[in-house]
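Okay, structure first, notes after.
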């Protein structure tokens, strides 16, 4: 079957009354789906000019179009389509066809590639109002004084008869242009399936500092888009090219995958100074950064409001909770500062929903990185020693704007010895609190206490026994499909030289088996030290590294 262009998937022939919205729909389809619009009005003017006639008003265009239809039996529209190379276009959108012979000629040449979409508006007064609003001159063409004059042309008067043979008929009367677009996309089969699982979610299963950054960095090259939510109160540490970086706003795989889009989802809370400094320190190209206009901005007043929380519950005091509370409490245009209100963020603004829809349509993969841990969830943690958001998979997806049917894997990161910061930060789950001396005695690790400082506030951490009941509860809350077990060297320092599963010590292998038994999930990733090399990958769902 002949094709207009090597990449063209569909040829969409639009029809409908003047002012029914054909050109607006054609433009929207073109912008959303890499399409090319073929204007039959422009084609008429070119053909008339070739004959020495210049079409400057609608009456002349109607007359010449009718004449050309008689001469060619409507095949001139197919000739126009054939003249359009469309090599880089997935859709060829013909704006517009006026008689059934034009559609028939297209179908005769291009077969099932052709989809005829007819727009009908049953309210003549509404059409007249739209026509008047366009002005006297549109695209160098002088319009009639009234809409009735448009309809005096027999072809225009009979235009809605095309609905009898069209593949898709859309009533424009009660729909906005956005409504028409999504309805048309659906009827054309352009919208990606909402059940295609293209998203993997990474969350912590304990009290944060589980090593999520290291895992996200390792996985990142397998994804096209990296999404982060939460706020700058969580620092995720990665090792890149022998240097340690702490990501507080950037997705932790930013350096591992230089091609991926970096997205901060609509439910996140952002401190622009923190993000700007992070971009400078890491050298990440700011052009990769996409920030949803709905993101909440942290103000100096938010940070000041959390001074007391630093002592009360060992909060990081970064203003995240105060900003989130202000978003709920002060819903006024004068009090709420979203990313869309910040002039410095305008180059980065991009609705996450639009970006993700494009990603889904291409069948690409997304990694969503949660922050902190399930044990710190505002709703499911040990209140009041909790953070200001829900840190589970469900909460993370809500902040990113992703539906649960999109999720392929839910990866829960847990460490062999859970930790919390010193002071009144709350109990370490239900387990017994230990000393670092005890952990070092058991494992043979001599540098544990020296390296265990919180990423943001640099406070010393407390450590406790592994909490099996918390593990089970977190696995249930997150519907964990996979466990990423970190700090295997804290079970035995000899694990630092293990690069395959069977090289782990017997005690560690038993621990892994118990984790899998309690969670019902596979321990797919095991870290044996903080480096780019020390991750044992047992996954069955690995993808090619990009």
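The values are calculated or read from the model by the stated rules, or taken from the named source; none is laboratory data. Quantities reported herein were computed from a predicted structural model and do not represent experimental measurements. Positions of Cβ are backbone-derived with ideal geometry, glycine not excepted, and every protein chain shown enters the neighbour counts.
Couple of notes before you dig in:
- Some residue of the stretch 229-242 being surrounded by fewer than 19 Cβ atoms within 10 Å (Cβ to Cβ) and at pLDDT 95 or above: no
- Residue in the stretch 454-465 that is within 37 Å of the chain's Cα centre (by Cα), in the same structural domain as residue 419 (by TED's automatic domain parsing), modelled with pLDDT of 90 or more and within 19 Å of residue 523 (Cα to Cα) present: no
- Of all residues in the stretch 428-453 being under 21 Å from residue 471 (Cβ atoms) and outside any helix (DSSP H, G or I), the one that is modelled with the lowest pLDDT: 431
- Of all residues assigned to the stretch 511-522, none qualifies as being more than 34 Å from the chain's Cα centre (by Cα), in a loop (DSSP other than H, G, I, E, B) and touching a residue at least 12 places away in the same chain (Cβ under 8 Å).
- Complete set of residues in the stretch 187-212 that are surrounded by 24 or more Cβ atoms within 10 Å (Cβ to Cβ) and closer than 27 Å to residue 29 by Cβ: 199
- Test for residue 226: is it touching a residue at least 40 places away in the same chain (Cβ under 8 Å), surrounded by fewer than 17 Cβ atoms within 10 Å (Cβ to Cβ) and over 27 Å from residue 107 (Cβ atoms): no
- Within the stretch 472-492, tally of residues that are within 20 Å of residue 216 (Cα to Cα) and either at pLDDT below 90 or crowded, with 20+ Cβ neighbours inside 10 Å (or both): 13
- Residue, farthest from residue 112 (Cα to Cα), within the stretch 165-174, restricted to residues that are in a loop (DSSP other than H, G, I, E, B) and out of contact with any helix residue (DSSP H, G or I) (no Cβ under 7 Å at 6 or more places or on another chain): 174
- Against the conditions (1) surrounded by 24 or more Cβ atoms within 10 Å (Cβ to Cβ); (2) over 30 Å from residue 90 (Cα atoms); (3) touching a residue at least 60 places away in the same chain (Cβ under 8 Å), residue 249 satisfies every one except (3).
- Set side by side, the residues 364, 382, 372 differ, and just one is within 12 Å of the chain's Cα centre (by Cα) and in contact (Cβ under 8 Å) with a residue 12 or more places away in the chain, which is 364.
- Any hit, the stretch 81-89, residues being crowded, with 16+ Cβ neighbours inside 10 Å, within 24 Å of residue 21 (Cα to Cα), touching a helix residue (DSSP H, G or I) at 6+ places or on another chain (Cβ under 6 Å) and assigned by TED's automatic domain parsing to the domain that holds residue 150: no
- Residues within the stretch 129-164 that are assigned to a loop (DSSP other than H, G, I, E, B) and touching a helix residue (DSSP H, G or I) at 6+ places or on another chain (Cβ under 6 Å), tallied: 3
- Filter result (under 13 Å from residue 19 (Cα atoms) and surrounded by 14 or more Cβ atoms within 10 Å (Cβ to Cβ)) within the stretch 139-159: 143, 144, 147, 150, 151, 156, 159
- Filtered by the rule that a residue be touching a residue at least 60 places away in the same chain (Cβ under 8 Å) and surrounded by fewer than 20 Cβ atoms within 10 Å (Cβ to Cβ), the stretch 525-534 gives 530, 531, 532.
- Listed by position, the strands (runs of 3 or more DSSP E) inside the stretch 8-122 whose residues that are under 29 Å from the mean Cα position of the chain (by Cα) number at least 2 are 10-16, 35-39, 91-95.
- Some residue of the stretch 171-194 being under 17 Å from the mean Cα position of the chain (by Cα), under 30 Å from residue 377 (Cβ atoms) and not assigned by TED's automatic domain parsing to the domain that holds residue 261: yes
- Residue in the stretch 272-297 that is nearest to the chain's Cα centre (by Cα), counting only those that are under 19 Å from residue 400 (Cβ atoms) and part of a loop (DSSP other than H, G, I, E, B): 292
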